[in-house]
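Please treat every number below as a calculation from the coordinates, not as lab data. In this text, all values refer to a predicted model and were calculated from it rather than measured experimentally. Glycine also receives a Cβ, built like all others from the backbone with ideal geometry; neighbour counts cover every protein chain displayed.
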Amino acid sequence: MKNFFIQKNNLKKGFTLVETLVALSVFTTSVLAMLIILSQGITQTNYAKNKLVATYLAQEGVEYFRNLRDNYMLYGANGFIDFNKALNNKNCLNTEGCGFIDLSTPFQLDTDVFYCGDATSTDCQLGLYEGKYSPIILNPNPDSGFKRVVTFTSDDPNVIHIVSTVSWMQNSGEHSVSFSEDLLGWY
């Protein structure tokens, strides 16, 4: 019975070098996998943030011109015809695109609120100053990385098709968001 309680000392204790290397490689692989997943999560979060901002900026472009159309309709002598003429005077119809100067200025029919800019130039870039996005062409604010181009087409004198596109560059290339609407000459 005494032999039953006696431990045998001939068992080797500890790890071999091969076992240690295997354990280190498994640990390293798991840490690298977690870092890759974390970096992809950060990238996707930044993309979602930029897409949300771009969505609001594109919608703002459509809303501004809808508001402008409404003001021409309410306060202009010829309503939609004046709005259409304002777009034609700046050659905004069927061009590379236009922008608008400032949302905070009080509306006046005789003000020149449109500017035309080539979509490839810096005219359409938006700057960010004190939480407000505005065109860099007017105010040399720090570049926000967003570019807004508003294009107009009209096959019918009582309808203007407006497309507001906001684009931005991110690690994987250029991304964009577009909103479109038909502005009708209601009376």
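With r defined as the distance between the Cβ atoms of Leu128 and Arg66 and R0 fixed at 25 Å, what FRET efficiency is calculated, to the nearest 0.05?
0.55
For the ranges 50-60, 159-169, what's the packing order if you count other beta-carbon atoms within 10 Å of each residue, average per peptide, and put the highest first?
Answer by packing, highest mean first, reads 159-169, 50-60.
Testing the spin-label approximation: label points 7 Å from Cα along Cα→Cβ at Val159 and Tyr56. State their distance in nm.
3.3 nm
Order the peptides 23-29, 144-150 from the highest to the lowest mean number of other Cβ atoms within 10 Å of their residues.
144-150, 23-29
Need the full-extension length gain, Leu38 to Ser180, defined as separation in residues times 0.36 nm minus the C-alpha distance. One decimal, nm.
47.5 nm
Figure the gain on full extension for Met169 and Ile81 (residue separation times 0.36 nm, minus the Cα-Cα span) and round it to one decimal in nm.
Taking Met169 through Ile81 to full extension adds about 27.9 nm, to one decimal.
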